[in-house]
């Protein structure tokens, strides 16, 4: 019989105000797969713009949140992302949210939670 997966959840950003980039450390107590949930907002300086927020872990891009902005200068919610990250070593890691395309300021808000999945021994 397969072992039951066990997980822990660590909030990394909770309604953190912009502007981007934002960096925060988080700790994974055990080796395991990670699932990172990220959401946020941005605005476009010009019409017809794809807004993109890059998500990095330990300096490596692991995903994006994005949305198409028809109108300029309107803060828009980015489509939230769940990003699976393969087996990671226990220890301290750095999560970075960075503007890929678009503008952020103090009126933008960002959230990220890291879920760590391990196998029950």
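The values are calculated or read from the model by the stated rules, or taken from the named source; none is laboratory data. The model shown is predicted, which means the values in this text are computed figures rather than measured ones. For neighbour counting, all protein chains shown are included, and Cβ atoms are generated from backbone atoms with ideal geometry for every residue, glycine included.
Side notes on the structure shown:
- Test: residue in segment 95-108 that is surrounded by 12 or more Cβ atoms within 10 Å (Cβ to Cβ) and at positive phi: yes
- Screening segment 1-25 for residues that are at pLDDT below 95 and assigned to a strand (DSSP E or B) and picking the one that is surrounded by the most Cβ atoms within 10 Å (Cβ to Cβ) gives 10.
- Taking segment 32-51 as the range and being in contact with a strand residue (DSSP E or B) (Cβ under 6 Å, 6 or more places away or on another chain) and more than 12 Å from residue 110 (Cβ to Cβ) as the test, the residues that pass are 32, 33, 34, 35, 36, 43, 44, 45, 49, 50, 51.
- When the test is whether a residue is surrounded by fewer than 18 Cβ atoms within 10 Å (Cβ to Cβ), in contact (Cβ under 8 Å) with a residue 60 or more places away in the chain, over 12 Å from the mean Cα position of the chain (by Cα) and more than 16 Å from residue 20 (Cα to Cα), residue 89 passes it.
- Residues of segment 64-84 satisfying the condition of being touching a strand residue (DSSP E or B) at 6+ places or on another chain (Cβ under 8 Å) and either at positive phi or in a loop (DSSP other than H, G, I, E, B) (or both): 72, 73, 74, 75, 78, 79, 80
- Restricting segment 43-61 to residues that are assigned to a strand (DSSP E or B) and more than 17 Å from residue 113 (Cβ to Cβ), the residue that is nearest to the chain's Cα centre (by Cα): 54
- Of the residues 64, 30, the single one that is within 21 Å of residue 114 (Cβ to Cβ) and within 14 Å of the chain's Cα centre (by Cα) is 64.
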